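Participant: Have a look at this one.
Throughout, read-outs are computed from the coordinates displayed, never taken from laboratory work. Bear in mind that the values here come from a model prediction, so they are computed numbers and not experimental data.
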Amino acid sequence: MAEIEDLGVSVEEYLDGLAAGIDILELRRLEARGIPTHLALELMKIMPKVVDGTATPEEVVRGLMIMSPSLRQQLE
């Protein structure tokens, strides 16, 4: 059975985020991995494109740079 993570998000915050088109839980998970909010939001826009095969090579590289701590420093 998977362990439940407490990301400190209330139901209201989650629903407000969904209304704004943002998955707050995913945002908090990325932030917990050390990714700054602005880069996490950018990554969240890139990932669906990667999954469905419509991401450009530049977007794929940018996403990998955001996810890699050593490369992320070049973006900040």
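Participant: Would you mind calculating the gained length between Ala19 and Glu31 on full extension (0.36 nm times residue separation, minus the Cα-Cα distance), in nm to one decimal? Could you put the intermediate results ahead of the total?
Facilitator: Values: separation 12, 0.36 × 12 = 4.32 nm, distance 2.03 nm.
Between Ala19 and Glu31, full extension yields an extra 2.3 nm.
Participant: Given that just one value was derived from the coordinates, which of (i) 18.4, 70; (ii) 13.6, 38; (iii) 14.5, 52 is Rg and Dmax of the Cα atoms in Å?
Facilitator: (ii)
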